[in-house]
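Just so it is clear, none of the values below were taken in a lab; they were calculated from the coordinates. Just so you know, these numbers come straight off a predicted model, no measurement behind them. Here the Cβ is made from the backbone with ideal geometry for all residues, glycine too, and neighbour counts use every protein chain on show.
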Amino acid sequence: MTGFIARRLAQSIVVVLLVTVIVFILLHLLPGGPARAQLGPRVTAVAIANFNHEMGYDRSVPVQYWTWLTQLATGNLGFSVKLNQSVLSLIGERLPKTLILTILSTVFALIVAIPLGVVQAVRRNRAADYAITFWAFVFYATPPFFLGVVLIVVFSVYLPILPAEAPQSSSLGVILLQPAGLILPVLTLGLLTIAQFSRYMRSSVIENLAEDYVRTARAKGAGERTVLVRHVLRNSLIPVATLLGLSLPAIFSGALITEAVFNFPGMGDLFWTAAQTQDYPIMLGITVLVGLATVIGSLLADLAYAALDPRVRFA
Amino acid sequence: MTAIPADGDDAALPDSAGARGGLGRALSEFLENRLAVVGLGTVVLFILFCYLGPLVYHTDQTHLELSDATLAPSLAHPLGTNEVGYDQLGRLMVGGQSSLEVGIAAALLATAFGTLWGAVAGYAGGFVDAAMMRVVDALLAVPALFLLLFLSSIARPNVGLLILVIALISWLGPARLVRGEALTLRTRDYVRSVRLMGGGPMRAVLRHIAPNAVGTVVVNATFQVADAILTVAALSFLGLGIPPPAANWGDMLSNGINYTYNGYWWLIYPPGLAIVLVVVAFNLVGDALRDSFDVRLRRR
């Protein structure tokens, strides 16, 4: 197990470094370089030279990368000249809201998708299975913003029972006090996640139902319910836990769109606004952060997988 | 975005193919899967609608006609008109061409590159493999939409750039899959004998490893088309689609959404449903292809 952890840890560090390289390359792909991105398109050549010297952009690329990396390591994600605020404090304001949205919708998705997948596997190729599969395909194929608008039309226009906009307050407490406004965004993001997770859960349960230990449990006289809950469900959840770690980027992408649809002031909204105003420090800071979160997430998922299933360690 | 996963051992089809060859057997299994035929039929119908439709149903999709703006569906305009007076049905056909072309082109490009990357990594093994796969991991760790937004904010997109950018984030899946295949294929006798007979590594990868991973690749490419169409739509919604007067379903849909509260339903639902139907259809075809290619999933 120690060897496995060490190997995965080393891999993760390499991946994190590569993520920073990718972001660094993006930084240098900007037309006119970072100077023009920060000072605007009509800046004079002298101002660019001054800015480049001041920021160290006239030094060699490896030196620049090292400087940038050490700044990152101390938590300096850069500074948004347009908003006159450090990227870290901007993210600090928005991150909790995005976390509420993503955590609520993922929990909701898991609560629905796990039982759905089990039902589908147990009633394989019968009416219930086909019906759930049909809806999983439809929701998977629906662009999130289309789904959001359809939900708004149904629940805010025809049956005006839910607000069409997420709570706008900048304070986390106030947002949590207005749960009605969170229902549609959470539903939008959640339905998309359910579509994927229920499919994984279904195939995972089907695979496990064919295993020998199921036959053994049945032979020992365990009831169908015990077999499902005590044996099959536990083993089937392992790959789904791994999937959860890997789907972090997809969930964040979904959150970006959902936040845009419901005007939800989270991190995706911050990123989108930054993209429109070409505020690159914000975009790069968020990208590094999400990349880091994903690497850590999949590392934890892998370690949990190895802890739960010895076969992985020795493969 | 990840594709909808495998079905376990779900190919509930009787083995009637008998002693026919692999490809014929796969084809007959595919055709026996009713959902697959429905999916393929839907794709063909949409292709006919988008490419033959404009030959029968003539509309002007370049000149604005503001006096005809946002007309409700009628005999003259079966799906009404949009906010600048373009006929919505005609636009659905033209826009579909662009959506399908971008989706398919991006998927092909991503699949070709990903296959090559994965085949080389898996065949080389060792340090080369580790280095190449860490690059894939790093790109996978960055949310695709974030990367896309970034790239599109650097350069105003045109069709070519859009295809390139989508392919740039979509080749990772095929690369991983093919690498997995290549790892087992390179130990096979026929690959070893190519090397013994003096064939170089290029020959082994291009002529023997890549072609043998074709099942995995084709299945994945089908899902890639579906995902690429969704990605184009997402980019359009975020304001980074192809600029007008060119149209695609994503642009039409995100444009129509601005009129949600005006009750102009014909601007929202037709392009939205078109996207959903085509994406479902491609996913159904992909699912069925996987079942028919994957020998292990066949009922024994």
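Just a few scattered comments:
- Gyration tensor (alpha-carbon) shape descriptor, the stretch A:115-226, a/c threshold 1.5: prolate
- Dividing the convex hull volume of the alpha-carbon atoms in the protein assembly as shown by its residue count gives 204 Å³ per residue.
- Per residue of A:143-154, other chain Cβ atoms within 10 Å of the residue Cβ number 6 on average.
- Phi angles across the stretch A:78-95 convert, under the Karplus curve 6.51 cos²θ - 1.76 cosθ + 1.60 with θ = phi - 60°, into 3J(HN,Hα) values of x, 9, 8, 5, 5, 9, 6, 8, 6, 4, 4, 6, 4, 5, x, 5, 8, 4 Hz, Gly and Pro given as x.
- Rough spin-label spacing in nm, given labels placed 7 Å along Cα→Cβ, for B:Thr62 and A:Gln71: 4.9
- Phi angles of the stretch A:7-23 translate, via the Karplus equation with coefficients 6.51, -1.76, 1.60 and θ = phi - 60°, into HN-Hα couplings of 4, 5, 5, 4, 4, 5, 5, 4, 5, 4, 4, 5, 4, 5, 4, 4, 5 Hz per residue; Gly and Pro are given as x.
- Order of B:Val56, A:Val112 under a 10 Å beta carbon neighbour criterion, fewest first: B:Val56, A:Val112
- Computed from the Cβ-Cβ distance with R0 of 60 Å, the FRET efficiency linking B:Ala246 to A:Thr226 stands at 0.50.
- Using a Förster distance of 22 Å, the FRET efficiency for A:Asp212-A:Arg234 (Cβ separation, nearest 0.05): 0.90
- Neighbouring partner chain Cβ atoms per residue of B:229-239, average, 10 Å criterion: 4
- By the beta-carbon count within 10 Å of each Cβ, the least crowded to most crowded order of A:Lys220, A:Lys97, A:Lys82, fewest first, is A:Lys220, A:Lys82, A:Lys97.
- In this calculation the C-beta distance from A:Ala6 to B:Tyr190 is compared with R0 = 41 Å, giving a FRET efficiency of 0.65.
- Helix-only [θ]222 nm of chain A, DSSP H runs n ≥ 4, -39500 (n - 2.57) each, per residue, nearest 500: -24500 deg cm²/dmol
- The residues A:Leu228, B:Leu27, when put in order of fewest to most other Cβ atoms within 10 Å, stand as B:Leu27, A:Leu228.
- Peptide A:206-216 has a mean of 1 when you count, residue by residue, the C-beta atoms of other protein chains within 10 Å of its C-beta.
- log₁₀ of I(q)/I(0) at q = 0.15, 0.21 Å⁻¹ - the stretch A:38-194, Debye sum with one point per alpha carbon: -0.93, -1.31
- Normalising the average separation of contacting C-alpha pairs (under 8 angstrom, six or more residues apart) by the number of residues puts the relative contact order of chain A at 26 percent.
- Choice from A:Ala49, A:Ala109, A:Ala128 with maximal GNM fluctuation in chain A (Cα, 10 Å cutoff): A:Ala49
- Interatomic Cα distance distribution for the stretch B:46-198, bins of 10 angstrom, percent: 10, 24, 22, 19, 13, 8, 3, 0
- Amide H contacts of A:Lys82 (H built 1.01 Å from N, in plane; Pro and chain starts excluded): no residue 5 or more places away or on another chain comes under 5 Å.
- Candidates A:Leu177, A:Leu299, A:Leu101: whichever shows maximal mean-square fluctuation once chain A is modelled as a Gaussian network with Cα springs under 10 Å: A:Leu177
- Loop-located trypsin sites (Lys or Arg not before Pro) in the stretch A:120-167 whose Cβ has at most 12 other Cβ within 10 Å (DSSP): A:Arg126
- Alpha-carbon radius of gyration plus Dmax, which is the widest Cα pair, for the stretch B:200-254 in Å: 17.7, 51
- Residue of A:Ser60, A:Ser80, A:Ser156 that the Gaussian network model of chain A assigns the largest fluctuation, springs spanning Cα pairs under 10 Å: A:Ser60
- Whole-Hz ³J(HN,Hα) from phi, Karplus 6.51 cos²θ - 1.76 cosθ + 1.60, for the stretch A:229-238, glycine and proline x: 6, 6, 9, 5, 4, 4, 5, 6, 6, 4
- Extending 7 Å from Cα along the Cβ direction at A:Glu93 and again at B:Asn158 yields two label points whose distance is 3.9 nm.
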